[in-house]
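Visitor: Sharing a structure below in structure tokens format, with a few things to ask.
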Amino acid sequence: MKYSESYIFIGIVILALGTYLIRYSGFYLADRITFREHHKQLLADSACVLLFTLAIFNTLFSETHFSGMSKIVGVAVALIFAWKKYSLIVVILVAMLITASLRYLGIP
């Protein structure tokens, strides 16, 4: 492995161990610690905010560059279809078709 590939591998191992330690600690400490309802809701909301932020960054950027307007329009159309409660496969297919069509027409 190259020098940078070994750092990536070490990072993956550390993240995996951290994930399993967090899951184990939740199982181990479930009977010992009690949370108020407000704190439970705060933890649930923070997980949603984290996922939403990840989705926004993946929509706007590809690696280190702006991903282009076609991807943003595709995601916006997918959000509208999801809001109208279409099935997941329809939402994915429409977003894919819109994005691919815009890229075919030359819109980056």
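The values are calculated or read from the model by the stated rules, or taken from the named source; none is laboratory data. Please read these numbers as outputs of a predicted model, since none were measured by experiment. Here the Cβ positions follow ideal geometry from the backbone for every residue, glycine too, while neighbour counts run over all protein chains shown. Areas reflect the complete protein model, heavy atoms only, side chains present, ligands, DNA and RNA absent. Shrake-Rupley method; radii C 1.70, N 1.55, O 1.52, S 1.80 Å.
Visitor: Go through (i) -0.54, -0.86, -1.11; (ii) -0.55, -0.97, -1.12; (iii) -0.24, -0.64, -1.29 and flag the label whose value is the computed log10 I(q)/I(0) by the Debye sum over Cα atoms at q = 0.10, 0.16, 0.22 Å⁻¹ for this structure.
Guide: Computing log10 I(q)/I(0) by the Debye sum over Cα atoms at q = 0.10, 0.16, 0.22 Å⁻¹ and matching it to (i) -0.54, -0.86, -1.11; (ii) -0.55, -0.97, -1.12; (iii) -0.24, -0.64, -1.29 gives (ii).
Visitor: Suppose R0 equals 30 Å. What FRET efficiency, 1/(1 + (r/R0)^6) with r the Cβ-Cβ distance, do Leu43 and Ala82 give to the nearest 0.05? Don't skip to the answer; put the middle values down first.
Guide: Working: r = 25 Å, r/R0 = 0.83.
It comes to 0.75.
Visitor: Using per-residue counts of other Cβ atoms within 10 Å, averaged over each peptide, order 60-70, 77-87, 11-21 from highest down. Write out the running numbers ahead of the final one.
Guide: Numbers: 60-70: 11.7, 77-87: 13.5, 11-21: 10.1.
Result, highest mean first: 77-87, 60-70, 11-21.
Visitor: Here's another thing I want to ask about it. Counting other Cβ atoms within 10 Å of each Cβ, which trypsin sites (Lys or Arg not before Pro) in region 1-73 have at most 11 and sit in a DSSP loop? Could you put the intermediate results ahead of the total?
Guide: Numbers: sites: Lys2, Arg23, Arg32, Arg36, Lys40, Lys71; in loops: Lys2, Arg32, Arg36.
Those that pass, being in a loop and sparsely packed, are Lys2, Arg32, Arg36.
Visitor: Let me ask you something else. Ignoring ligands, DNA and RNA, what accessible area per residue does the chain give at 1.4 Å, in Å²?
Guide: 89 Å²
Visitor: Would you mind computing, in nm to one decimal, how far apart the modelled labels at Phe61 and Ser4 are, each placed 7 Å from Cα along Cα→Cβ?
Guide: Once both label points are built, they end up 1.6 nm from each other.
Visitor: Kindly count the pairs of lysines across the chain whose alpha carbons are less than 30 Å apart, treating pairs on different chains or eight or more residues apart as eligible.
Guide: On the way: Lys40/Lys84; Lys40/Lys85; Lys71/Lys84; Lys71/Lys85.
Count of close lysine pairs: 4.
Visitor: A follow-up question, please. As I understand it, the dipole of the chain uses +1 on the Cβ of Lys and Arg and -1 on the Cβ of Asp and Glu, about the Cα centre. Which of Gly68, Tyr24, Ile80 lies farthest toward its positive end?
Guide: Most positive-ward Cα: Ile80.
Visitor: If you roll a 1.4 angstrom probe over the protein chains with everything in place, what fraction of the accessible area of the chain belongs to carbon and sulfur, to the nearest %? Present the calculation step by step, with values, prior to reporting the outcome.
Guide: Numbers: 7030 of 9580 Å².
Carbon and sulfur together cover 73 percent of it.
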